[in-house]
Amino acid sequence: MNKNNIKQIVLDIIAEIAPDEDLSGVKSDIRLREQLDLDSMDFLDIVMELRKQHGIDVPEAEYRQLESLDSSANYLLPKFESGATA
Amino acid sequence: MPKTSTASNHYDVIIIGAGLAGLSSAVRLGMFGLKVLILEKHFVVGGLNSFYAKGGRKFDVGLHALTNFPSESSGKSSPLLKLCRQLRIPLDSLNLLEQSSSRISFGEIDLCFNNDFEFFLSEVEKVFPKEKDRFQKLLSKMVEFPAYSVDAKEISTREILGQELGDSLLAEMLLCPTCYYGSARANDIDFPTFIMLFDAIFKQGLARPDRGIRALLDPLTDKLKELGVERRMNSPVKSIQTDQIQVSEVILENGEAFTSDHFISTCGGLETEKLLCLPDTPRSFDLGRFSIIESISVFDGHPRDFGWDETVIFFNKSDKFFYDQPKQLVDLNSGVICLPDNYGPIDSSEKKEAKLRVTHPANFKLWSELSEQKYQKEKCFWEDVILQNGLKYLPLGESKSELFKNRTHLTDTFTPCTIKRFTSHENGALYGSPTKKRDGSTKFSNLFIAGTDQGYVGIVGAMLGGIAVANNQILRNL
Ligand SMILES: Cc1cc2nc3c(=O)[nH]c(=O)nc-3n(C[C@H](O)[C@H](O)[C@H](O)COP(=O)(O)OP(=O)(O)OC[C@H]3O[C@@H](n4cnc5c(N)ncnc54)[C@H](O)[C@@H]3O)c2cc1C
């Protein structure tokens with residue numbers, strides 16, 4: 001598991017919950033909200049899908065860590081790694 | 001990970017009511033793996049927005065208009081898009097047909113609107129030229145007001161419109177459609193709800209799924225099946241058991257009991273408090289009293305055959321709008337007409353039959369006190385009066401009354417008693433209690449109210465309310 005895999009996982013989730021968004025040009029370092037029409041309900045869905053699909057818990061206080069693909073990758077990588085070794 | 005319940009009669013969440021709020025919250029919770037049980041009193045889903053068959057025809061109980069149509073000018077801001085995304089029902093699958101045009105009619109004065117907000121603005125300017133600047137100022141005030149936040153202040157819209165507008169007729173004409181589409185208060189509407197409904201009706205717009213309410217109910221029930229959400233119909237909840245801090249279980253009329261970690265009730269605030277069976281606790285919800293009667297005619301042909309090409313008409317006889325429980329069985333002074341066949345493009349194919357629906361305020365208490373025989377007699381009498389009166393508000397309607405009567409081959413009417421039967425709301429209150437609890441919380445930490453008594457009303461409102469309670473009270477705290 002590397003950061004690129006994680007970015008793809010997050011993008012796949014966004015494609016699932018917001019099929020009407022065009023994800024082809026999404027930049028990693030820019031906040032997702034600035035590039036896509038996503039609101040707090042959509043971010044809740046990203047969190048819930050991470051939990052459902054990958055068993056990863058994101059506490060509500062840390063939802064902000066998912067604001068861009070880069071920040072998501074940085075924040076989630078240790079979680080994915082500890083999950084894999086557990 | 002969510003601690004998903006395994007004991008067979010213990011659930012993560014029990015939902016009372018399979019109306020639009022209950023079904024929507026169940027889909028959200030089921031989607032993320034929770035073990036959910038829906039308990040519904042009726043044998044059909046949909047609650048107030050259900051469907052039935054009579055004389056071999058299908059009727060929607062409550063669908064005049066699906067509000068919040070994401071029109072070109074309102075773009076992506078429509079809550080309807082949000083709820084489709086949250087429930088993962090593609091908007092396209094609803095096959096929405098847009099209204100032709102609609103009208104607010106007060107005596108001799110008409111304000112028309114369609115799904116282009118600019119057109120409505122031009123109509124207001126044309127009919128109320130002196131109000132132009134004041135109306136613009138009101139619109140800015142409405143944009144700035146935090147109407148969509150859960151702690152929005154429920155101030156009086158009548159007062160605000162009185163302060164902001166110079167011509168009281170414009171105020172009355174704005175109150176009429178917004179009250180009819182969602183006020184639980186007598187003769188007023190709270191300002192946040194007014195703003196939400198103004199946006200829903202005028203800024204966004206009116207549409208109708210081509211298959212009616214089934215277009216929403218079918219994908220919801222299909223999803224619930226897929227997600228393994230259990231649903232028990234014909235299962236009225238008789239009581240909710242508590243230990244003063246938490247709810248522990250619900251008991252059905254037939255004595256069956258079910259336990260759960262969380263409970264969501266969509267049957268109304270006051271009605272839920274009654275189920276709690278705590279006689280010495282003061283009620284926190286006031287009794288609502290606004291109810292309606294609706295008469296439906298099925299006639300041969302198309303409304304255009306009569307020259308009627310509008311979709312919805314909100315009418316009021318005088319220049320003063322009165323929105324309350326009337327002193328007699330029915331208040332004929334104001335009402336709403338809907339011609340559901342005027343949604344969608346004008347097609348040349350010949351329509352075999354069409355419907356006319358006319359709604360008026362009605363008094364629950366008076367209707368409910370009638371003997372069965374008297375009830376049937378009054379219903380028959382008013383059905384005719386209502387349809388005749390409604391024709392006055394359609395172009396040359398009165399002169400076409402004979403022709404219309406001859407072409408009508410089926411009528412049906414439902415009264416405040418019918419509404420009580422479909423919702424269990426005290427007083428047959430269409431929009432529930434005037435007291436609302438937007439975040440759905442109650443004094444019990446694991447019991448939440450969703451739908452009508454959150455203050456989110458109508459089809460879109462009830463669904464968003466159910467979603468919000470599932471998200472904010474349960475999913476976020478897993
Ligand atoms: C004539 C009419 C026209 C309407 N037209 C429109 C329209 O055009 N557009 C629009 O947006 N809205 C319209 N509405 C309003 C809309 O139907 C409601 O606001 C909405 O459906 C409310 O949904 P809900 O889920 O909150 O409540 P409900 O639909 O009331 O659902 C509550 C459910 O709980 C069940 N229940 C109650 N008590 C119990 C119990 N003890 N145990 C188990 N189950 C119980 C009830 O049977 C019901 O199924 C209309 C309503 C009417 C009556």
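The values are calculated or read from the model by the stated rules, or taken from the named source; none is laboratory data. Please read these numbers as outputs of a predicted model, since none were measured by experiment. When we count neighbours, we look across all protein chains shown, and the Cβ atoms used for this are built from the backbone with ideal geometry, even at glycine.
Here the range B:141-164 is the region considered, the condition is being in a loop (DSSP other than H, G, I, E, B) and crowded, with 18+ Cβ neighbours inside 10 Å, and the residue that is modelled with the highest pLDDT is B:A147. Evaluation of A:N74 against the conditions (1) closer than 26 Å to B:R28 by Cβ; (2) in a helix (DSSP H, G or I); (3) touching a residue at least 24 places away in the same chain (Cβ under 8 Å) shows that the sole unmet condition is (1).
Taken over the range B:241-288, the criterion of being aliphatic (A, V, I, L, M), more than 23 Å from the chain's Cα centre (by Cα) and more than 9 Å from the ligand (Cβ to nearest atom) is satisfied by B:I245, B:V247, B:I251, B:A257, B:L276, B:L278. Inside the range B:165-200, can you point out the residues that are at negative phi and surrounded by fewer than 17 Cβ atoms within 10 Å (Cβ to Cβ)? If the condition is that a residue be at negative phi and surrounded by fewer than 17 Cβ atoms within 10 Å (Cβ to Cβ), then B:G166, B:D167, B:S168, B:A186 are the ones that fit. Here B:R85 clears all of (1) over 18 Å from B:I459 (Cβ atoms); (2) outside the structural domain of B:I201 (by TED's automatic domain parsing) except the condition numbered (1).
Out of the residues in the range B:437-454 that are surrounded by fewer than 24 Cβ atoms within 10 Å (Cβ to Cβ) and more than 17 Å from B:Q246 (Cα to Cα), which is farthest from the other protein chains (Cβ to nearest Cβ)? Here the answer is B:K437. Among the residues of the range B:201-245 satisfying the criterion of being among the β-branched types (V, I, T) and farther than 30 Å from B:L278 by Cα, which is surrounded by the most Cβ atoms within 10 Å (Cβ to Cβ)? Among them, the one singled out is B:I201. If you go through the range B:455-478 and pick out every residue that is touching a strand residue (DSSP E or B) at 6+ places or on another chain (Cβ under 9 Å), among the small types (G, A, S) and away from chain A (no Cβ under 14 Å), you end up with 3. I need the full set of residues from the range B:359-396 which are touching a residue at least 24 places away in the same chain (Cβ under 8 Å), farther than 18 Å from B:C417 by Cβ and buried (at least 19 other Cβ atoms within 10 Å of the Cβ), in order please. Across the range B:359-396, the qualifying residues are B:L387, B:N389, B:G390, B:Y393, B:L394. Is it the case that the range B:173-185 has a residue that's in contact with a Leu (Cβ under 7 Å, 6 or more places away or on another chain), without any contact (Cβ under 8 Å) to a residue 40 or more places away in the chain and over 20 Å from B:D110 (Cα atoms)? Checked the range B:173-185: no residue is in contact with a Leu (Cβ under 7 Å, 6 or more places away or on another chain), without any contact (Cβ under 8 Å) to a residue 40 or more places away in the chain and over 20 Å from B:D110 (Cα atoms). Scanning the range B:180-203 turns up one or more residues that are under 14 Å from the mean Cα position of the chain (by Cα), of a type outside the set (A, V, I, L, M) and within 15 Å of B:V312 (Cα to Cα).
Residues that are touching a Ser or Thr at 6+ places or on another chain (Cβ under 6 Å) and either within 11 Å of the ligand (Cβ to nearest atom) or of a type in the set (D, E) (or both): which strands (runs of 3 or more DSSP E) entirely in the range B:14-77 hold 1 or more of them? Of the strands (runs of 3 or more DSSP E) lying wholly inside the range B:14-77, those with at least 1 residues that are touching a Ser or Thr at 6+ places or on another chain (Cβ under 6 Å) and either within 11 Å of the ligand (Cβ to nearest atom) or of a type in the set (D, E) (or both) span B:36-39. Please find, within the range B:283-309, the residue that is surrounded by the fewest Cβ atoms within 10 Å (Cβ to Cβ) out of those that are farther than 24 Å from B:G269 by Cβ and out of contact with any strand residue (DSSP E or B) (no Cβ under 6 Å at 6 or more places or on another chain). So, considering only residues that are farther than 24 Å from B:G269 by Cβ and out of contact with any strand residue (DSSP E or B) (no Cβ under 6 Å at 6 or more places or on another chain), the one surrounded by the fewest Cβ atoms within 10 Å (Cβ to Cβ) is B:G307.
Residues satisfying the criterion are absent from the range A:7-17 (criterion: within 14 Å of chain B (Cβ to nearest Cβ), touching a helix residue (DSSP H, G or I) at 6+ places or on another chain (Cβ under 8 Å), among the aliphatic types (A, V, I, L, M) and more than 23 Å from B:D92 (Cα to Cα)).
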